[in-house]
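In what follows, a structure is listed as structure tokens, so that the remarks can point back to it.
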Amino acid sequence: MSARPAPRPSSFDVAAIRRDFPILDQKINGKPLVYLDNAASSQRPQQVLDAITHYYTHDHANVHRGVHTLSQRATDAYEGTREIVRQFINARDTKEIIFVRGTTEAVNLVAQSFVRPKVGPGDEILISGLEHHANIVPWQLVCEQTGASLKVIPITQSGEVDFAAFEKLIGPRTKLLALAHVSNALGTVVPVEKFIAVARQHGVPVLLDGAQAVPHGKVDVRALGCDFYCFSSHKMVGPTGMGILYGRQALLEAMPPWQGGGDMILSVSFEKTTYNQLPWKFEAGTPNIAGTIGLGAAIRYLESIGLERIAAYEHELLVYATQRVQEIPGVRIIGTAPQKAAVVSFVMDGIHPHDIGTILDTEGVAIRTGHHCAMPVMDFFRIPATARASMSFYNTFEEVDALAAALEHTRKVLG
Amino acid sequence: MDLKDLYRDVIVDHNRNPRNFGKLDPADAHADGHNPLCGDRLSLYVNLDGDRIREVKFDGSGCAISVASASLLTEAVKGKSRPEVKALFDDMHSLLTQHDSTVDVSKLGKLAALSGVREFPARVKCASLCWHTLNAALDQQAEPVSTE
């Protein structure tokens, strides 16, 4: 099969972008690395690595603690990132930006601090069949703790959340709607605005899992109208162990602290402790200062390229990759929603995804194989696993060709 | 890392045409095995003559390594006594996990084809799942075996 000429947006200088990512310039098993596992974790540009190194080399001390210069520098950089994040997602106030370990911790925080105190037997938490385990298990825990029930909006054969079924499921018992903005397993972009509008009519608060959405397009939490929005730094070219919980201020104000410790208090005595104000009420203990500063650098980096341009380029990659993968005999793409992020999840006749992953690795091509922490999605399609190629703005059309060639090779080895 | 070390002809053949594939009903012993990382699931069924495996079958789904390993296992353990199966388990464990394994591969027959798996650490559990599942069946464990 010959590689077809690919469309190449002239304004997007991917070669220059790739020079910012030193990790991409290496060989794996003698072949150039083709990194297509971005939905699991992206790579970091030199600008992010430099920001972290600079912080530890020149500015490190604990935040909110000391009167000395280093503590002030660390605090300025840490709190400065809160403003960067606020602008990035267009939140109203920095009080609405809570620094957490990642999307998972953000969901757990809302589950335990917002939902758990106000639900009981007869109440319902509504999620979809598309969710990552991180947007399933925290709600199951709350249900076990309170006697509330978990309800699941079914998905369709194309991998979309069934809107008609949702309209029937939401009702007076529903106490929260928790939805993925973009599916990690299939790439489906969920038209969350439609769901939020209906939830509003029912007075149901909405949490969005934005882990897969934020790196790949402009997110405006006020335009979306959601109550909580969760995302992770490491999927958006930032450091691991860092994430954001956005929450509407009125809701966060009313929520009790989730974890206790230093920094989340104003005064402590054995008789009475007064909690700190937002956002620090939810940030107990010494935080991930370097990770926070790295996230700030990551956002600056993404904005320097432009989220709209990233989205447009990644869409071109998606269209091309879908076409190339589909051409390979015996391949079936799982997840064919009209709106998708740059994710191609697929199965091959008679060849298990795990074998595809190993053979591709010997060709230097890194993809994810398995259930993608979305076992209910796999059960729905009656498959044990998929192979998933997930692209980022630093990937190239040539890398998509390398993926297709490696899949052809896989067919020769095992077909 | 050479792919040919992993997907040897014997393995590709046993993946395409697994031997002793199916159920034994009734079975003297049975166990389920699961590798949650990749979704491999297999069931092993054993009929015994006293201490000796008279019949063994497996079914389920999984990657080429797990299916071929289970298929090769069924051929290798048929007719063997429990202590012989235990000795074979120990040999396979050594073969799959130890670079300096002193196991005499010449006495392993076709099972020796799995020796390349140890060069692919992410795949060792695929090959060993059926062996742990057989142990569980012979020990009459009620809980499914998991690689995690």
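The values are calculated or read from the model by the stated rules, or taken from the named source; none is laboratory data. The structure presented is a predicted model; accordingly, all values stated were derived computationally and were not measured. When we count neighbours, we look across all protein chains shown, and the Cβ atoms used for this are built from the backbone with ideal geometry, even at glycine. Note: accessible area is taken over every heavy atom of the protein model, side chains too, but ligands, DNA and RNA are not part of it. Shrake-Rupley method; radii C 1.70, N 1.55, O 1.52, S 1.80 Å.
What the table shows:
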item	result
Tabulated pairs, region A:1-26, first of a type in the set (Val, Ile, Thr), second open to solvent by 60 Å² or more (accessible area, probe 1.4 Å) and modelled with pLDDT of 55 or more, C-beta under 9 angstrom, 6+ apart or interchain	A:14/A:8
Residue A:377 vs. criteria away from every other protein chain (no Cβ under 14 Å), buried (at least 24 other Cβ atoms within 10 Å of the Cβ) and not in a strand (DSSP E or B)	no
Selection status of residue B:86, of a type in the set (D, E, K, R), in contact with a helix residue (DSSP H, G or I) (Cβ under 9 Å, 6 or more places away or on another chain), part of a helix (DSSP H, G or I) and within 22 Å of residue B:35 (Cα to Cα)	yes
Cβ pairs under 8 Å, 6+ apart, first in region B:59-78 and away from chain A (no Cβ under 13 Å) and part of a loop (DSSP other than H, G, I, E, B), second crowded, with 21+ Cβ neighbours inside 10 Å and at pLDDT 95 or above	B:78/B:53; B:78/B:56
Scan of region A:395-406 for residues that are away from every other protein chain (no Cβ under 14 Å) and open to solvent by less than 10 Å² (accessible area, probe 1.4 Å), ordered by number	A:395, A:397, A:400, A:403, A:404
Every residue from region B:12-55 that is within 14 Å of chain A (Cβ to nearest Cβ) and either touching a Leu at 6+ places or on another chain (Cβ under 7 Å) or of a type in the set (Phe, Trp, Tyr) (or both)	B:12, B:14, B:33, B:35, B:40, B:42
Residue A:218 vs. criteria among the charged types (D, E, K, R), touching a residue at least 24 places away in the same chain (Cβ under 8 Å) and within 21 Å of residue A:250 (Cβ to Cβ)	no
Those strands (runs of 3 or more DSSP E) lying entirely in region A:243-288 with at least 3 residues surrounded by fewer than 18 Cβ atoms within 10 Å (Cβ to Cβ) and hydrophobic (A, V, I, L, M, F, W, C)	A:265-268
Residue within region B:131-138 that is among the hydroxyl-bearing types (Ser, Thr, Tyr) and open to solvent by 20 Å² or more (accessible area, probe 1.4 Å) present	no
Residue check for residue A:319: in a helix (DSSP H, G or I), assigned by TED's automatic domain parsing to the domain that holds residue A:391 and closer than 27 Å to residue A:411 by Cβ	yes
Residue that is open to solvent by less than 10 Å² (accessible area, probe 1.4 Å), over 30 Å from residue A:71 (Cβ atoms) and not acidic (Asp, Glu), where the choices are A:331, A:344	A:344
Residue in region A:188-198 that is surrounded by fewer than 20 Cβ atoms within 10 Å (Cβ to Cβ), of a type in the set (D, E, K, R) and at pLDDT 95 or above present	yes
Condition broken by residue A:65, with the remaining ones in (1) part of a helix (DSSP H, G or I); (2) open to solvent by 80 Å² or more (accessible area, probe 1.4 Å) satisfied	(1)
Yes/no for residue A:90 being over 17 Å from residue A:300 (Cα atoms) and open to solvent by 30 Å² or more (accessible area, probe 1.4 Å)	no
For residue A:99: the one exception among (1) open to solvent by less than 10 Å² (accessible area, probe 1.4 Å); (2) outside any helix (DSSP H, G or I)	(1)
Members of region B:1-11 that are surrounded by 15 or more Cβ atoms within 10 Å (Cβ to Cβ) and either farther than 25 Å from residue B:119 by Cβ or over 15 Å from the mean Cα position of the chain (by Cα) (or both)	B:3, B:6, B:7, B:8
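Yes/no per residue for (1) part of a helix (DSSP H, G or I); (2) open to solvent by less than 10 Å² (accessible area, probe 1.4 Å); (3) assigned by TED's automatic domain parsing to the domain that holds residue A:179:
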{"position": "A:294", "(1), (2), (3)": "yes, yes, yes"}
{"position": "A:325", "(1), (2), (3)": "yes, yes, no"}
{"position": "A:373", "(1), (2), (3)": "no, no, no"}
{"position": "A:393", "(1), (2), (3)": "no, yes, no"}
